[in-house]
Amino acid sequence: MNRSHLFPALLALLGLFVLACTPLRGGRGSRGGGDDDDDAADDDDGADDDDDAADDDDAADDDDAADDDDATGDDDDAVPLGFAALSASETNIAAVVPGTAYSTLTVENLGDGPLAAELSFAPGTPSIFSFQGSTFFMLDPFESSSVDVLFSPTEVGVWGAWIELAHDGSNSSPLELYINGDGLDGGDDDDSAGDDDDDSAEGDCYDEISSDPCCGCYGDSSTNTLCLDSSASACVCSLDPYCCNTEWDEICQNEYILDCGATCP
C-alpha cells in the first residue's frame, strides 16, 4: 500500500475510536449525575424524617398539656366531703342506784361538704346505757347536733360503753368514744329520808353531811376550793376541769372519792 494512503486511513480509524469512546464518557457522566440525584433524594428523605420527628414531639407535648388540663379539671370538679367529730360533755358519769345520769354527745361536721352520720353502741354494751333522742344526723358544713346517752344502773358497780359514730366523711369511720358509768349506793330509805331533812338546810346533797364540803353537798362551783384534801381536789380539777371551772356536782364528788382517793370524814 502507498504510504500516502495509509496515513489518512489511520486518521479515520482514530476518529472512529474517539467517537466510539465519547458515549462511554457520557454514560459515566450520567451515572455520576444519577448519584447526585440520589444524594439529593436522600437529603430530602432526611428532612422529611426530621419534620416527622418534630411533628411527633409536638403531638406528644399536646397530649401532655391535655393530660395536665384533665388533671386540673378533675381537681376543680372534686366533690367536697364532710369531716366528722364526736365529743361528750362527760366521759365519766355516776348515778345513785336506782337512778339515771347522762352525758351529752355532740356530733360535728368540720368539713366543706355535707355529712351523714349515725350513732350506735358497740356490741356487748350493757342495756343500762341508752340514747335519748335521734341517733341519725344529716349535717351541713360546720353544723353540729347533740343527743344524750343515759346511764341507769340497777345495782352498785362500774360499767362502760363504747359508742361508735359511722359516717361518710373524709376521715376514718367509725369514730369511737368510751363512756364510764358508776352505779353508787344510795343507802336505805330511812337514812335517805333523814338525810333529806338535813340536806334541805345545806342545799342539794349527794351523800351524808360531812365536815369536808367536797364529800357532802354539791352544786356550788366554789365548793372545790374548800376541799380538806387539796391534792385530791387538784386531781379532780386535772381529771375533769368542768368541776373547777363550772360546777362541783355529783360526778365531781364521785371522782374526788373514787378516782382521786379522798377519804370522807
When segment 121-156 is checked residue by residue, the ones that are within 28 Å of the chain's Cα centre (by Cα), in a strand (DSSP E or B) and among the aliphatic types (A, V, I, L, M) are 138, 139, 147, 149
For segment 106-138, the count of residues that are touching a Phe, Trp or Tyr at 6+ places or on another chain (Cβ under 9 Å), more than 17 Å from residue 179 (Cα to Cα) and not charged (D, E, K, R) equals 7
Note on residue 158: of the conditions (1) on the phi < 0 side of the Ramachandran plot; (2) open to solvent by less than 90 Å² (accessible area, probe 1.4 Å), unmet is (2)
Based on what the data block shows, is residue 163 modelled with pLDDT under 95 and surrounded by 16 or more Cβ atoms within 10 Å (Cβ to Cβ)? no
For segment 76-96, the count of residues that are touching a Phe, Trp or Tyr at 6+ places or on another chain (Cβ under 7 Å) and in a strand (DSSP E or B) equals 2
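The values are calculated or read from the model by the stated rules, or taken from the named source; none is laboratory data. Predicted model only: the values in this text are computed from it and were never measured. Methodologically, a virtual Cβ is constructed for each residue, glycine included, from the backbone with ideal geometry; neighbour enumeration extends over all protein chains shown. These accessible areas exclude ligands, DNA and RNA; they are computed on the full protein's heavy atoms, side chains included. Shrake-Rupley method; radii C 1.70, N 1.55, O 1.52, S 1.80 Å.
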